[in-house]
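Only one structure is covered here, and it is reproduced in the block below.
The values are calculated or read from the model by the stated rules, or taken from the named source; none is laboratory data. Remember, predicted model here, so these are calculated numbers, not experimental data. Here the Cβ positions follow ideal geometry from the backbone for every residue, glycine too, while neighbour counts run over all protein chains shown.
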Amino acid sequence: MIEFFDAEDNRGLEVLARMRRDWALRESDWTQIGDAPADKAAWAIYRQALRDLPSKWVLNAQMEFPNPPGYVEPVTEVPAPVEEAQPSTDAG
């Protein structure tokens, strides 16, 4: 087994972070093509933020990456179910 995480340095985290950053850049290349149906300005800002990451990295397990344009935060809490009123069984 290859050990990515070393207590002495963060080379493993840096490799993983760079791989994720490079993947995100590749996945968003299409947004910069001339006739792409995308908000080019918003995507250009996102892609620049990805390129700037190495100069801002604080290497730890909770590294934050920029969200792409249109990203919606996932719901982390499930709302409690609403109880429906039960019909009355009184013959009254």
*Pairs with Cβ under 6 Å, 6+ apart, first in region 65-92 and closer than 30 Å to SER28 by Cβ, second in a loop (DSSP other than H, G, I, E, B) and modelled with pLDDT of 80 or more*: PRO69/ASP39
*Check THR31 against each of (1) touching a helix residue (DSSP H, G or I) at 6+ places or on another chain (Cβ under 9 Å); (2) exposed (fewer than 13 other Cβ atoms within 10 Å of the Cβ) and name the one condition it does not meet.*
(2)
*asked:* Residue pairs, Cβ under 7 Å, 6 or more apart or interchain, first in region 37-58 and in contact (Cβ under 8 Å) with a residue 40 or more places away in the chain, second part of a helix (DSSP H, G or I). List them.
replied: TRP57/ALA17
*From the list PRO37, PRO54, PRO74, which residue is modelled with pLDDT of 85 or more and either under 30 Å from ARG11 (Cβ atoms) or outside any helix (DSSP H, G or I) (or both)?*
PRO37
